[in-house]
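Report on the structure given below.
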Amino acid sequence: MVKKTTTKKKYIPNSKEKYMCAKHKKFFTDELLNWKREIIKANNLGNLLNSTDDNVSSADIVDQASSYTDKSVEMKALNRSRKLISKINSALQRIKDGSYGYCEETGEPIGLKRLMARPVATLSIEAQERHERDEKIFVDD
């Protein structure tokens, strides 16, 4: 007897469907929650692996400097992860309140392609480019 295995195709939002319909919201909720879980898992593993050298003190100044640099890089990565988790939580809240997928500045749809590439996006591509141009002008002055 040959057993048939059915592989369920992963749903991908498309523009033929109503923008931010229930299927889209479920897809992005699942994507965001999975991303958040991966970040937490990666950081917990990193913390576990790196906590073993916390108690090691070396008389060698080069070893101490190297350890300090490693810790600094680690702390920056953890800080970035914390900020990203905060953005993910904000995106999940926007899904709940119905504002997810719409530009904060213009209220226009951000677009499925952009959201699939960057699920925490809050600006349309046009608004993001304008924001970056303004930022660059401000920095250059």
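The values are calculated or read from the model by the stated rules, or taken from the named source; none is laboratory data. Treat the numbers as computed from the prediction; the structure is a model and nothing was measured. Here Cβ is always computed from backbone atoms with ideal geometry, including for glycine, and neighbour counts include all displayed protein chains.
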query: Taking the range 1-14 as the region of interest, how many residues are more than 21 Å from the chain's Cα centre (by Cα) and either more than 23 Å from Gln93 (Cα to Cα) or at pLDDT 95 or above (or both)?
result: 9
task: Please name all residue pairs, on different chains or six or more residues apart, with Cβ atoms under 7 Å, provided the first residue is in the range 79-91 and is surrounded by 12 or more Cβ atoms within 10 Å (Cβ to Cβ) and the second residue is of a type in the set (Ser, Thr, Tyr).
output: Ala91/Tyr100
task: Please state which one of Glu126, Glu132, Glu74 is in contact (Cβ under 8 Å) with a residue 24 or more places away in the chain, in a helix (DSSP H, G or I) and charged (D, E, K, R).
output: Glu74
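Would you confirm, using the coordinates I've provided, whether Ile110 is touching a Gly at 6+ places or on another chain (Cβ under 7 Å) and without any contact (Cβ under 8 Å) to a residue 60 or more places away in the chain? Step through it out loud before you land on a result.
Working: touching a Gly at 6+ places or on another chain (Cβ under 7 Å): yes; without any contact (Cβ under 8 Å) to a residue 60 or more places away in the chain: yes.
Yes: the conditions hold for Ile110.
Would you say Ile40 is aliphatic (A, V, I, L, M), at pLDDT 75 or above and within 28 Å of Pro119 (Cβ to Cβ)? Step through it out loud before you land on a result.
Numbers: aliphatic (A, V, I, L, M): yes; at pLDDT 75 or above: yes; within 28 Å of Pro119 (Cβ to Cβ): yes.
Criteria met by Ile40.
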